[in-house]
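Read through the structure below, which is laid out as structure tokens, and then see the notes.
The values are calculated or read from the model by the stated rules, or taken from the named source; none is laboratory data. Please read all numbers here as calculations on a predicted model, not as lab measurements. Cβ atoms come from the backbone with ideal geometry, glycine included; neighbour counts cover every protein chain shown.
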Amino acid sequence: MPNAHIIGTGSSVPKRVLTNKDIESIVDTTDKWITRRTGIKERRISSKNEDENTSELGTQASLKALEMAGITPESLDMIVVGTVTPDRQFPAAACMIQTALNANNAYAYDVSAGCSGFLYGLSAVTDAIHLGKCKNALVVGAERLSSILDWTDRGTCVLLADGAGAVVVGSKSKKGGVLSTHLRSDGSLWDLLYASYGASSVPDILQGLDVKPFHLKMEGNRLFKRAVENLSSIAEEALNHNNLSREDIALLVPHQANIRIIQAVAKNLSLPMEQVVTNVQKYGNTSSASIPIALDEANRQGRIVKDDHVLLIAFGAGLTWASSMVQWSI
């Protein structure tokens, strides 16, 4: 059975930087409060005046991943995009990215699994490669969460941001690559994080923001507890499935939701923070884009070397949660 190997990574974020000091002019909050509660210092926010919609950010991340992988868009058989903020209700953002790349031999579709969308997509292409239905695939996480924020709600507007990350996954006979993926959901808890009808007004500091006709609502305290429990359990599931111990993990790449969640999960797994990738301070929570952005940064910074075991974990709306154990191939 062929194995699925990550052979390229890429990421793209908007040009506009929104700092905690900037947010002080929007809602009743402070840089100190945001930093202490979330670990976030700044985030990237897209603009209609730039080429920064969901599919455009996803396309730029994809081009970087394809360049690293050394393959052309025409070589792709499959494109899966995790997103909850596509440019349009339909067609899929994946089809828009396919067109922008001229990846005419691929089939493309979106996955809506909240912040777990990238790992749900990685699971789909891994299965396709194992079955021999695909040789080269592109998995993208791309979001413009700024377009669905209530900018009067300090519990959410300080957290969320925009960006995209991508990986190219190739079929190879050698062992390693994506060793396993694990997906879970609990729809009975959908009301902890969901989209509600009604657009929010745009603050003066964010003119040029492209707003959608709904906004995000979140019950933060209950969500925090569930996130820590479910991320810890899905990480353990990946370790047990692959007969690996915590000592075998070279790097943990978690969804970048909140530094306190990340620290709590690392503590539960007995992992020092030096082995955990964190960039939430720079980018905030970019939902399905957060893992591939963090993975690309770690890869380009040389924090991952060939044959390292890298554990990816995510938690998001649905509720959904997921993990993947990867033996690094690059």
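From the residues in segment 176-191 that are surrounded by 15 or more Cβ atoms within 10 Å (Cβ to Cβ) and in contact with a Gly (Cβ under 9 Å, 6 or more places away or on another chain), which one is farthest from Ile7 (Cα to Cα)?
Leu189
Return the only residue of Ala108, Ala124 being in a strand (DSSP E or B), among the small types (Gly, Ala, Ser) and more than 15 Å from the chain's Cα centre (by Cα). First the steps, then the outcome.
Details: Ala124 fails: in a strand (DSSP E or B).
One residue alone meets the criteria, Ala108.
Every residue in segment 196-211 that is touching a residue at least 60 places away in the same chain (Cβ under 8 Å), surrounded by 15 or more Cβ atoms within 10 Å (Cβ to Cβ) and touching a strand residue (DSSP E or B) at 6+ places or on another chain (Cβ under 9 Å), please. Spell out the reasoning first.
Residues of segment 196-211 that are touching a residue at least 60 places away in the same chain (Cβ under 8 Å), as a first pass: 203, 205-206, 208-211.
Next, from what is left, pick out any that are surrounded by 15 or more Cβ atoms within 10 Å (Cβ to Cβ): 203, 206, 209-211.
Correct list: Leu206, Leu209, Asp210.
From Thr54, Thr99, grab the single residue that is under 17 Å from the mean Cα position of the chain (by Cα) and among the polar types (S, T, N, Q). Show your work before the answer.
Values: Thr99 fails: under 17 Å from the mean Cα position of the chain (by Cα).
Of the residues listed, the single one that is under 17 Å from the mean Cα position of the chain (by Cα) and among the polar types (S, T, N, Q) is Thr54.
So Asn240 passes all but one of these: (1) free of Cβ contacts under 8 Å to residues at least 40 places away in the same chain; (2) more than 22 Å from Phe118 (Cβ to Cβ); (3) part of a loop (DSSP other than H, G, I, E, B). Which condition number does it fail?
(3)
Among residues belonging to segment 194-222 that are small (Gly, Ala, Ser) and assigned to a strand (DSSP E or B), point out the one that is nearest to Phe315 (Cα to Cα). If you could, list the steps in order and put the result at the bottom.
Within segment 194-222, the subset small (Gly, Ala, Ser) is 195-196, 198-201, 208, 220.
Right, trim to assigned to a strand (DSSP E or B) and you get 195-196.
Values: Ala195: 16, Ser196: 20 Å.
Ranking the qualifying residues of segment 194-222, first place goes to Ala195.
Could you go through segment 128-137 and let me know if any residue there is at pLDDT 95 or above and under 16 Å from Ser196 (Cβ atoms). Outline the logic, then answer.
Quick first cut of segment 128-137, residues at pLDDT 95 or above only: 128-137.
So of that shortlist, the ones also under 16 Å from Ser196 (Cβ atoms) come out as none.
Scanning segment 128-137, I find no residue that is at pLDDT 95 or above and under 16 Å from Ser196 (Cβ atoms), so the answer is no.
Only one of Gly141, Gly132 is part of a loop (DSSP other than H, G, I, E, B) and more than 14 Å from Leu183 (Cα to Cα); which?
Working: Gly141 fails: part of a loop (DSSP other than H, G, I, E, B).
After applying the criteria, what remains is Gly132.
Taking into account only those residues within segment 282-330 that are assigned to a loop (DSSP other than H, G, I, E, B) and polar (S, T, N, Q), which is surrounded by the fewest Cβ atoms within 10 Å (Cβ to Cβ)?
Applying the first criterion (assigned to a loop (DSSP other than H, G, I, E, B)) to segment 282-330 yields 284, 286, 301-308, 317-319, 328-330.
Next cut, polar (S, T, N, Q) only: 286, 301, 329.
Values: Thr286: 33, Gln301: 9, Ser329: 19.
Among those residues, the one meeting the criterion is Gln301.
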